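Worksheet for the structure shown next.
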């Protein structure tokens, strides 16, 4: 696992970078973080004031091979060597793509992540998964490559709208579901202010770290982190074709509820978890109403990288008890729509 540094550990963070003696350092930003977050970053770390930036377009729609090629082209133009460092400053889309570009350029150069969104802080910026969307399929192309470090500072959250803060809260809710009854009973009642506190961010990161360290390559227990994501990714991908594209966390919120309906049918799970998730949705996402049919999401489910002959999901029989690679038949999937 990579090193994770928090606000207050800036000297240690800089010492790690200085110890590597890089020939050059570049900061990857998107159009949004270049304007809103780069000045904050350089204020926190004045020694990077004169470091040059690579700027890419912002947004999930740009999480594509074309933008990865743009990054590679810039790296070549700048004559970036294997003894260089790329600092990915941005949300999950940017850290995923920047990490992929760095992990493949000249067979891999060092990179580190400075997440500027809540969802990137608690999920996308560490754990070693990199990649981009391809042919409408979420994170279809990617690598496993650990960054040399991740630096977490909630100061960047001041640049976000409430919608984007809530977007990240869903991954924290997911982590609580996987941890324990005690953590879940606390998390399901958290306000947004509590969720974005440094203590709760650290707690959520620690939960994911405990899982990833046991199964870095995602062949076993790490797949429990996929709860809500098989349906959720399909909903998210379909939403890009509509006039109301969803943020990742919004789609996963819907996916968690839908998959609990499936769990109740396939695993005879108690309905209490679904009811509690619905209560969270109504409290934190009162305006999240997105209609989808089985025909809308089935193509994306069949293309999911976890699936082959069958649709497989990570389902939750009970709190902190995940059953990975659960086969869900087409009949069970159809039935779940009638119970939505």
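Between residues in region 7-20 that are assigned by TED's automatic domain parsing to the domain that holds residue 43 and in contact (Cβ under 8 Å) with a residue 12 or more places away in the chain and residues that are assigned to a helix (DSSP H, G or I) and surrounded by 10 or more Cβ atoms within 10 Å (Cβ to Cβ), which pairs lie under 9 Å by C-beta distance while being six or more apart or on different chains?
Sorted first by the residue in region 7-20, then by its partner, the pairs are 7/44; 7/154; 7/155; 7/198; 10/44; 14/47.
Among the residues of region 281-297, count how many are outside any loop (DSSP other than H, G, I, E, B) and either closer than 14 Å to residue 258 by Cα or without any contact (Cβ under 8 Å) to a residue 12 or more places away in the chain (or both).
So the answer is 6.
Among the residues of region 310-336, which ones are assigned to a loop (DSSP other than H, G, I, E, B) and either under 13 Å from residue 268 (Cα atoms) or modelled with pLDDT under 95 (or both)?
310, 329
Only one of 252, 262, 205, 273 is part of a helix (DSSP H, G or I), under 19 Å from residue 118 (Cα atoms) and in contact with a strand residue (DSSP E or B) (Cβ under 7 Å, 6 or more places away or on another chain); which?
Unique residue meeting the criteria: 205.
Can you tell me how many residues in region 52-81 are in a loop (DSSP other than H, G, I, E, B) and under 27 Å from the mean Cα position of the chain (by Cα)?
Count: 6.
Given 157, 225, 166, 246, which one is modelled with pLDDT of 95 or more and outside any helix (DSSP H, G or I)?
When all the criteria are applied, what remains is 246.
Test each condition in (1) surrounded by fewer than 14 Cβ atoms within 10 Å (Cβ to Cβ); (2) closer than 29 Å to residue 199 by Cβ for residue 5 and report the one that comes out false.
Among (1) surrounded by fewer than 14 Cβ atoms within 10 Å (Cβ to Cβ); (2) closer than 29 Å to residue 199 by Cβ, the lone unmet condition for residue 5 is (1).
Is it true that some residue in region 238-258 is under 18 Å from the mean Cα position of the chain (by Cα), on the phi > 0 side of the Ramachandran plot and surrounded by fewer than 24 Cβ atoms within 10 Å (Cβ to Cβ)?
No, every residue in region 238-258 fails to be under 18 Å from the mean Cα position of the chain (by Cα), on the phi > 0 side of the Ramachandran plot and surrounded by fewer than 24 Cβ atoms within 10 Å (Cβ to Cβ).
The values are calculated or read from the model by the stated rules, or taken from the named source; none is laboratory data. Note that the structure is a prediction, hence the values are computed from the model and not measured. Here the Cβ is made from the backbone with ideal geometry for all residues, glycine too, and neighbour counts use every protein chain on show.
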